[in-house]
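Student: There's a structure below that I have some questions on.
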Amino acid sequence: MVTTGGALAAPYVIHAVAVGHDRVADAAVLTAAVRSAIAFAEPLQLRRIAVALLGVEHGAFTPAEAAAILIPALVAEARSTPIESIVLAATHAVEARALNEAVSGAAIS
């Protein structure tokens with residue numbers, strides 16, 4: 001789902017559901033959420049996006065688990081789009097470390 005950014009600097013917010021109501025960690029669901037979000041970004045002609053660490057809000061995934069799924073999924077999905085840059089957002093230091101480690105281990109080119 002896409003909404004306007006309202007008072008945010010971003011013109012749009014793309015909402016992605018990475019964990020169902022059962023709050024069970026499922027890598028396929030998180031990957032599908034990334035795929036869906038990137039699919040919403042394309043028709044909006046977005047070249048820059050920001051992505052938070054999905055699936056950690058209620059503890060379904062640890063930050064390390066979520067980052068290990070999120071980063072490869074973002075790279076794979078965004079590669080064939082006009083997206084030029086992705087900002088990774090973290091709300092806690094542990095999330096920032098997990099994202100950094102996942103990016104460091106990813107094959108990004």
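Student: Here are the criteria: (1) over 17 Å from V2 (Cβ atoms); (2) in contact with a Phe, Trp or Tyr (Cβ under 9 Å, 6 or more places away or on another chain). Tell me which single one S80 does not satisfy.
Tutor: If we test S80 against (1) over 17 Å from V2 (Cβ atoms); (2) in contact with a Phe, Trp or Tyr (Cβ under 9 Å, 6 or more places away or on another chain), just (2) comes out false.
Student: Looking at this structure, is E65 among the charged types (D, E, K, R) and in contact with a Gly (Cβ under 9 Å, 6 or more places away or on another chain)?
Tutor: Details: among the charged types (D, E, K, R): yes; in contact with a Gly (Cβ under 9 Å, 6 or more places away or on another chain): yes.
Yes.
Student: I'd like to check something: does the stretch 97-108 contain any residue that is of a type in the set (D, E, K, R) and either within 23 Å of V2 (Cβ to Cβ) or without any contact (Cβ under 8 Å) to a residue 24 or more places away in the chain (or both)?
Tutor: No: zero hits.
Student: Select from the stretch 83-109 the residues that are within 21 Å of L44 (Cα to Cα) and either of a type in the set (S, T, N, Q) or in contact with a Phe, Trp or Tyr (Cβ under 8 Å, 6 or more places away or on another chain) (or both) and list them in ascending order.
Tutor: S85
Student: Out of the residues in the stretch 65-104 that are touching a Ser or Thr at 6+ places or on another chain (Cβ under 9 Å) and of a type outside the set (A, V, I, L, M, F, W, C), which is farthest from A16 (Cα to Cα)?
Tutor: Per the stated criteria, the residue is P72.
FYI, it's all coordinate maths here, none of it is from the lab. What you see is a predicted model, and the numbers here were worked out from it, not measured in a lab. Here the Cβ is made from the backbone with ideal geometry for all residues, glycine too, and neighbour counts use every protein chain on show.
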